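Throughout, read-outs are computed from the coordinates displayed, never taken from laboratory work. Computed from a predicted structure; not experimentally measured. Ideal geometry is used to build each Cβ from the backbone, glycine not excepted, and the neighbour counts take in all protein chains shown.
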Amino acid sequence: MMYPKSVSARSGKIKTKKAKVNIPYVCWQCGRNGCADPLDKHHLFGGPFRAKSEQYGLWVYLCHDRCHENGPDAAHQNPETMQKLHEHGQRKAMEENGWTTEDFIREFGKNYV
């Protein structure tokens, strides 16, 4: 005949999982979470400065179709949106690294603010 295990015997076998903290990935421009339109990682300074953008963490998430590639206000279609992204990137870089405007120009070649 089998007897039920005591509570103390069962508690030794129960493992609790630690919840991982999920960083909320949302579109910088519209705030959507990428459920309907996947999010892309957009480097704020591209071309020859893409590696520096990655190094300094100067990138944002954008909805692939609507805010990054094809929408009317998409970063790759609208110069005003791109200017806002450049300004955001410059302010972020200067704040996080303690740079002056001259320091930023030395790294990225241009002042966007």
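Numbers for the structure displayed
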| read-out | value |
| --- | --- |
| Residues (basic (Lys, Arg) and either surrounded by 15 or more Cβ atoms within 10 Å (Cβ to Cβ) or within 21 Å of His64 (Cα to Cα) (or both)) located in the range 74-98 | Lys84, Lys92 |
| Lone unmet requirement of (1) among the β-branched types (Val, Ile, Thr); (2) out of contact with any His (no Cβ under 7 Å at 6 or more places or on another chain); (3) crowded, with 16+ Cβ neighbours inside 10 Å for Thr101 | (3) |
| Filter result for Gln29 (under 15 Å from the mean Cα position of the chain (by Cα), in a loop (DSSP other than H, G, I, E, B) and not small (Gly, Ala, Ser)) | yes |
| When residues of the range 48-73 are limited to those that are more than 22 Å from Cys35 (Cα to Cα) and among the hydrophobic types (A, V, I, L, M, F, W, C), the one surrounded by the fewest Cβ atoms within 10 Å (Cβ to Cβ) | Ala51 |
